[in-house]
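Colleague: Sharing a structure below in structure tokens format, with a few things to ask.
The values are calculated or read from the model by the stated rules, or taken from the named source; none is laboratory data. Note that the structure is predicted; figures quoted are calculated from it, not measured. A quick note on method: Cβ atoms are made from the backbone with ideal geometry, for glycine too, and the neighbour counts reach across all protein chains shown.
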Amino acid sequence: MKVTVDARAPSAAVVDLLAVPIASDEVRRSRLAPRLAAIDRSLGGAIAAAVQSGDFKGKTGQQVLAYPDRRRKAKRVLLWGMGEAKAIDAEALRAASGAAVGRAAAARSARVALVAPPLGAGADPESCQALAEGAVLGGYRFDAYREKSDETASRISSLTLLVPREQNLRASRDAARRGVVIAESQNVARELSNLPPNVLSPEQLAQEARSVAREVGLAVRVLDVPELEKRKMGAILAVGGGSSRPPRLVALEYAPKGVAKKSPPFCIVGKGITFDSGGISIKPAQGMDEMKHDMSGAATVIGVLRGAALLALPVRVVGVIGAAENLPGGKAYRPGDIVTSGSGKTIEVLNTDAEGRVVLADALHYAKTEYDPAAIVDLATLTGACVVALGRWATGLFGSHAGLVEAIRAAGEKTGELAWPMPLLDGHKREIKSEVADIKNSGGRQAGASTAAAFLSHFVGDTPWVHLDIAGTAWTTSAANGYQPRGATGVGVRLLLEVLRHWDGSALAAAAPRS
């Protein structure tokens, strides 16, 4: 989909569908606000007719499809309710744009224009970023394995964002271009997470990382089994031991021009379990198909590195992925095993289905020792306990440094990818101490999300660190938000690119480390 920004009048847009987001304040008592009245006159009264009939009141998510007379340049007009003007924010714009693209596709409308609402967030050129994001995200479908049909004809070829003449056109276009890059990078993460597990093995995930690296100019390093053995990474090797498809550790690096090559990078680490059966501690059959999404953290790492490169962000970024397939088998690791991680710490295995943290043990240690990063953020579909606590509405946010935690939280609020601060207490750390090894991979039923984070804290040392538990937000079983179809969400791409866009290290000096 090609996204452009123009200051032309809506009446001049030659399109298959013209989307007009409308606040409820603009249609009270069946009267149109001046902005709408001008648009309505150019459309032959289509908006006024819908409002005066009572069919449209501007409530959030309300939609009416109208057909102007043949003299008009727009074949269809979609009225989209935004609720009260004061409540319109970037997420509302994202949802409206995504929904408009979805409705346009259903109506076989290839050319679409959307009138940017000059209300709340809409008065800012930056709103074009949210509108572009919503459109590109809303247009995504995972259909590579479906027989080709006439559905391909319903894809949107172009979207024009129509902004007020007084709005800075250059800034609006820059914001829209940024939104397209961010959303396309999120769609890369979605696509990877949606791939079936018979296709996406650990080795294939490494190949996908290489492909993205070639596309945008990243350095890439892949550690295979002999190299993992050489580095004594017994944790990732243990988890991948039951599968005939061996594990991989992948490192991607974005090094922008003008930034010292040895400057401490911002490091992002992702869990890449390409399929999680639970291993010997096998999962129930129901819902096991969704465990293809257990590599969503790794997918986000790839999406973020792609976006950072295409946005030419002035910060060195490293992504590390621990990729393995957790299956039962004659060489699988067992409950009761003690494995030695690359850091030298020993791990007592109580549950082979708590494998993500075991893989991350080696990935986090590698990130810390190989790159000496300024900060580490890991993403993992780690615990069902986090899903119970926060559902699908927020990612669990744990960390060792209050300034970094706040930077992540604030970026989540701005991007609509909410991250909710969770406790990481000394008591949680005591729960994962083992009587026969340094630590154990399961702390029992209580505070499962926090004890999992406590486990990970052993492998980051004193580096400022945040852990994002995306178990509840990495995929959805039904469409949501106007721009999210069923399947992988690519969560974390928008959030972390927002952090990186403004990263100067000041967050690390803003607050003391958390105890």
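Colleague: Being assigned by TED's automatic domain parsing to the domain that holds Phe459, of a type outside the set (Val, Ile, Thr), within 22 Å of Arg494 (Cβ to Cβ) and touching a residue at least 12 places away in the same chain (Cβ under 8 Å): is that true of Ala235 here? Please lay out each step first, then the result.
Modeller: Details: assigned by TED's automatic domain parsing to the domain that holds Phe459: yes; of a type outside the set (Val, Ile, Thr): yes; within 22 Å of Arg494 (Cβ to Cβ): no; touching a residue at least 12 places away in the same chain (Cβ under 8 Å): yes.
It is false that Ala235 is assigned by TED's automatic domain parsing to the domain that holds Phe459, of a type outside the set (Val, Ile, Thr), within 22 Å of Arg494 (Cβ to Cβ) and touching a residue at least 12 places away in the same chain (Cβ under 8 Å).
Colleague: Can you tell me which of (1) aliphatic (A, V, I, L, M); (2) more than 16 Å from Asp504 (Cα to Cα); (3) surrounded by fewer than 20 Cβ atoms within 10 Å (Cβ to Cβ) is the one Ala298 doesn't meet?
Modeller: Every listed condition holds for Ala298 apart from (3).
Colleague: Moving to a separate point now. Which number in (1) surrounded by 18 or more Cβ atoms within 10 Å (Cβ to Cβ); (2) assigned by TED's automatic domain parsing to the domain that holds Arg245; (3) over 17 Å from Ala308 (Cβ atoms); (4) hydrophobic (A, V, I, L, M, F, W, C) marks the one condition that Leu218 misses?
Modeller: (3)
Colleague: I would also like to ask the following. Of all the residues that make up the stretch 468-486, how many are among the charged types (D, E, K, R) and either surrounded by 24 or more Cβ atoms within 10 Å (Cβ to Cβ) or closer than 15 Å to Trp420 by Cβ (or both)? Steps first, please.
Modeller: Of the stretch 468-486, the ones among the charged types (D, E, K, R) are 469, 486.
Restricting the remaining residues to those that are either surrounded by 24 or more Cβ atoms within 10 Å (Cβ to Cβ) or closer than 15 Å to Trp420 by Cβ (or both) gives 469.
So the count comes out to 1.
Colleague: Hey, among Ala479, Ala447, which residue is without any contact (Cβ under 8 Å) to a residue 12 or more places away in the chain and not charged (D, E, K, R)?
Modeller: Values: Ala447 fails: without any contact (Cβ under 8 Å) to a residue 12 or more places away in the chain.
Of Ala479, Ala447, the one residue that is without any contact (Cβ under 8 Å) to a residue 12 or more places away in the chain and not charged (D, E, K, R) is Ala479.
Colleague: Among the residues of the stretch 487-494, is there at least one that is surrounded by fewer than 21 Cβ atoms within 10 Å (Cβ to Cβ), in a helix (DSSP H, G or I) and either touching a Gly at 6+ places or on another chain (Cβ under 6 Å) or not β-branched (Val, Ile, Thr) (or both)?
Modeller: no
Colleague: Going by the conditions given, is Pro314 free of Cβ contacts under 8 Å to residues at least 60 places away in the same chain and more than 20 Å from the chain's Cα centre (by Cα)?
Modeller: yes
Colleague: Just to be sure, is Lys331 modelled with pLDDT of 95 or more, surrounded by fewer than 21 Cβ atoms within 10 Å (Cβ to Cβ), farther than 27 Å from Gln129 by Cα and more than 23 Å from the chain's Cα centre (by Cα)? Can you show your working first?
Modeller: Numbers: modelled with pLDDT of 95 or more: yes; surrounded by fewer than 21 Cβ atoms within 10 Å (Cβ to Cβ): yes; farther than 27 Å from Gln129 by Cα: yes; more than 23 Å from the chain's Cα centre (by Cα): yes.
Against the criterion (modelled with pLDDT of 95 or more, surrounded by fewer than 21 Cβ atoms within 10 Å (Cβ to Cβ), farther than 27 Å from Gln129 by Cα and more than 23 Å from the chain's Cα centre (by Cα)), Lys331 qualifies.
Colleague: Name the single residue, out of those in the stretch 49-59 being part of a loop (DSSP other than H, G, I, E, B) and out of contact with any strand residue (DSSP E or B) (no Cβ under 6 Å at 6 or more places or on another chain), that is nearest to Glu91 (Cα to Cα). Outline the logic, then answer.
Modeller: Narrowing the stretch 49-59 to residues part of a loop (DSSP other than H, G, I, E, B): 53-59.
If we keep only those that are out of contact with any strand residue (DSSP E or B) (no Cβ under 6 Å at 6 or more places or on another chain) as well, we get 53-54, 57.
Working: Ser53: 29, Gly54: 27, Lys57: 21 Å.
Among them, the one singled out is Lys57.
Colleague: To continue, here is another question. Consider Val339 carefully, then state whether it is assigned to a helix (DSSP H, G or I) and touching a helix residue (DSSP H, G or I) at 6+ places or on another chain (Cβ under 6 Å). It would help to see each step written out before you state the result.
Modeller: Details: assigned to a helix (DSSP H, G or I): no; touching a helix residue (DSSP H, G or I) at 6+ places or on another chain (Cβ under 6 Å): yes.
No, not satisfied.
Colleague: Within the stretch 102-114, restricting attention to residues that are at pLDDT below 95 and not basic (Lys, Arg), which residue is surrounded by the most Cβ atoms within 10 Å (Cβ to Cβ)?
Modeller: Ala104
Colleague: Across the stretch 374-396, what is the number of residues that are surrounded by fewer than 24 Cβ atoms within 10 Å (Cβ to Cβ) and not polar (S, T, N, Q)?
Modeller: First, pick out the residues of the stretch 374-396 that are surrounded by fewer than 24 Cβ atoms within 10 Å (Cβ to Cβ): 374, 383-385, 387-394.
Now restrict to residues that are not polar (S, T, N, Q): 374, 384-385, 387-394.
Residues in the stretch 374-396 being surrounded by fewer than 24 Cβ atoms within 10 Å (Cβ to Cβ) and not polar (S, T, N, Q): 11 in total.
Colleague: Kindly indicate the residue of the stretch 47-73 that is modelled with pLDDT under 90 and closer than 20 Å to Arg8 by Cβ and also surrounded by the fewest Cβ atoms within 10 Å (Cβ to Cβ) among those meeting that condition.
Modeller: Taking the candidates together, the pick is Arg71.
Colleague: What helices (runs of 4 or more DSSP H), lying completely within the stretch 370-448, carry at least 2 residues that are of a type in the set (Asp, Glu)? Full working, then the answer.
Modeller: Numbers: elements: 384-390, 402-415, 426-431.
Those helices (runs of 4 or more DSSP H) span 402-415, 426-431.
Colleague: Another question, if that's okay. Of the conditions (1) of a type outside the set (D, E, K, R); (2) within 20 Å of Thr451 (Cα to Cα); (3) in a strand (DSSP E or B), Gly297 satisfies every one except a single condition; which number is it?
Modeller: (3)
Colleague: Just a yes or no: is a residue in the stretch 76-84 out of contact with any strand residue (DSSP E or B) (no Cβ under 6 Å at 6 or more places or on another chain) and either part of a helix (DSSP H, G or I) or of a type in the set (Gly, Ala, Ser) (or both)?
Modeller: Let us first name the residues in the stretch 76-84 that are out of contact with any strand residue (DSSP E or B) (no Cβ under 6 Å at 6 or more places or on another chain), namely 81, 83-84.
Filter again for either part of a helix (DSSP H, G or I) or of a type in the set (Gly, Ala, Ser) (or both), leaving 81, 83.
Yes: one or more hits.
Colleague: For the stretch 303-311, check the following and say yes or no: at least one residue is over 11 Å from Cys267 (Cα atoms), part of a loop (DSSP other than H, G, I, E, B) and within 22 Å of the chain's Cα centre (by Cα).
Modeller: yes
Colleague: Additional query: Determine if the stretch 458-474 includes at least one residue that is at pLDDT 95 or above and in a helix (DSSP H, G or I).
Modeller: Within the stretch 458-474, the subset at pLDDT 95 or above is 458-474.
With the extra rule that they be in a helix (DSSP H, G or I), the set shrinks to none.
Among the residues of the stretch 458-474, not one is at pLDDT 95 or above and in a helix (DSSP H, G or I), which makes the answer no.
Quick grid of which residues meet (1) aromatic (Phe, Trp, Tyr); (2) at pLDDT below 95; (3) crowded, with 16+ Cβ neighbours inside 10 Å; (4) out of contact with any Cys (no Cβ under 7 Å at 6 or more places or on another chain):
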residue	(1), (2), (3), (4)
Asp224	no, no, no, yes
Tyr254	yes, no, yes, yes
Phe266	yes, no, yes, yes
Thr274	no, no, yes, yes
Ser277	no, no, yes, yes
Lys292	no, no, yes, yes
Leu311	no, no, yes, yes
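Colleague: For the structure I just gave you, tell me whether Asn198 is at pLDDT below 95 and more than 22 Å from Ala367 (Cβ to Cβ).
Modeller: Details: at pLDDT below 95: no; more than 22 Å from Ala367 (Cβ to Cβ): yes.
Judged against the criteria, Asn198 is not a match.
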